[in-house]
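What follows is a single structure, written as structure tokens, with notes after it.
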Amino acid sequence: MPTARAALLAALCAPVVGVLSALYGVAPWALSGVLLALVAAAVLADWAMAADPRRITVRRETPGAVVRLGEDVAAALTVANRSGVDARLLVRDAWVPSAGAAPYAHPLVLAAGEAATLTTTLTPTRRGDRAAEQVVVRSHGPLGLAVRQAAHRPPWTLRVLPRFTSRKHLPEKLARLRTVEGATAIRGRGQGTEFDVLREYVPGDDVRSIDWRATARRRDVMVRTWRPERSRRIVCVLDTGRTSAVRVGDEPRLDAAMDAALLLAAVAQEAGDQVDLIAADHRVRAVVAGAHGRATLPRLINAVAPLHPAMVETDFELITSEVLRRERKRSLVVVFTALEPGALGEGLLPVLPRLAARHKVLIAAVHDPALNALAGTPLHGANEVYAAAAGTRALAEREKLGTALAKYGVEVLDFPADTFASQVTDVYLALKSTGRL
């Protein structure tokens, strides 16, 4: 195809035609035809001398990369000239806009048989999987009058993980966990504890902890020690239905739920508990089960990274059946959803008795501060009165729904987005300290 330089050259033919026709009396149309034919011939010749972009090979060294949202990652692209002639290239590594690719294009000159590595910096603005669209190679002729272009599609995928901003609370929660475990060990046997080891008696030990059978066998006074129950089961249920798309502050409700679930999982894995995850709306989107120890958190992060809200109504019958099918033992089930009377009142309440009969259930919802602001609207006119009434009614319906859920022994956690993750983990630690898991 012609370049801007060819168009400029053709435009310059107009004053040349005017000057020559005035000097030599040549018909303008004949002279302009000759000059344009010469320009066209030069463009064709330049196009023919340009390196064939189809013989420019592009490849990526690795199949993909992983980066946390807000961080940078470099995507390397190796370009090799297999055309047999020198190539003046403009290479664009094209990505979707949310990948934040820079620079836009790479100018490059390659001799025949030469290769070079180009680096595109990606700063993604959305989590999930970001696939490379295509690599467009544009080859310029030596005169710059024509270019040849071809598109290549070397596969590469960038997985953008959630920010996990609540990890800043992790040191504090782990310190609280150690306090809970220490307090339980000091308290000794009781609800929420399990047998740890036998050891020799030392002055100050509770004589009620003496194991007389072990004492008889060892011929030394032996006492039993206890520790907080471990290997408890935590199930995080993420509602990915339409209500999870509502923006609370600067992010969707689903992202706040993910952040809270990850902090809860990080603390629970340090406590020796097993964390499973189910994400669903009208169908199951992601499941993480059977993860233990240090492998738990990475698996959860990779599972939730590509999740996005679906514009459908959540099927709580499906979610309840999935939890009951997978979790045979009594577990702590934390349902991250919206405290919406329509969604929960018609979807969750009818099936909640089945779930609460077998498991300890928590409903965790991000509180929308817009409701409080709406309810507190100054009453200066009719519009303000209606706005305040709408906000007050919404808050009253949420409170009524919370009361209905509490009848089944379900605890409702309704906290603002900035403290949501921390508060949910605090409730878990409180349950663990009192042996109610």
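The values are calculated or read from the model by the stated rules, or taken from the named source; none is laboratory data. Bear in mind that the values here come from a model prediction, so they are computed numbers and not experimental data. Every residue, glycine as well, gets a Cβ built from its backbone with ideal geometry; the counts of neighbours run over all protein chains shown. Each accessible area value is taken on the protein alone, full model and side chains, heavy atoms only, with ligands, DNA and RNA left out. Shrake-Rupley method; radii C 1.70, N 1.55, O 1.52, S 1.80 Å.
Given a 1.4 Å probe and the protein chains as shown, PHE316 ends up with an accessible area of around 10 Å².
Ordered by solvent-accessible area of protein heavy atoms (1.4 Å probe), largest first, the residues TRP47, TRP212 come out as TRP212, TRP47. The alpha-carbon of LYS400 sits under 30 angstrom from the alpha-carbons of these lysines, leaving out residues fewer than 8 places away in its chain: LYS360, LYS432. In the neighborhood of ARG242, defined by Cβ-to-Cβ distances under 11 Å, what is the net charge if each Lys or Arg adds +1 and each Asp or Glu adds -1? So the surrounding residues net to -3.
Provide the solvent-accessible area of LEU318, counting protein heavy atoms only and rolling a 1.4 Å probe, rounded to the nearest 10 Å². Approximately 50 Å² of LEU318 is accessible to the 1.4 Å probe. Taking label points 7 Å from Cα along the Cα-to-Cβ direction, THR123 and GLU346 give a separation of 4.5 nm.
Ligands, DNA and RNA aside, GLU133 has an accessible area near 90 Å² when probed at 1.4 Å. In a fully extended conformation the segment linking TYR386 and ALA80 would gain 103.4 nm over its present Cα-Cα distance, using 0.36 nm per residue. For the range 316-369, what are the per-bin percents of Cα-Cα distances with bins 10 Å wide, up to the bin holding the maximum? Pairs per bin, as whole percents: 23, 57, 18, 2. The fraction of accessible area contributed by carbon and sulfur in the range 270-317 is 54 percent, rounded to a whole number (1.4 Å probe; ligands and nucleic acids excluded).
The residues GLU251, GLU61, sorted by heavy-atom accessible surface at 1.4 Å with ligands and nucleic acids left out, run GLU61, GLU251 from largest to smallest. Here the simple spin-label model places points 7 Å from the Cα toward Cβ, and for ARG354 and ARG54 these points are separated by 6.0 nm.
Kindly state, to the nearest 0.05, the FRET efficiency for GLU397 paired with SER422, given R0 = 22 Å and r defined as their beta-carbon distance. Here the calculated transfer efficiency is 0.25. Spacing of the modelled spin labels on ARG213 and ALA94, each 7 Å from Cα toward Cβ, amounts to 7.5 nm.
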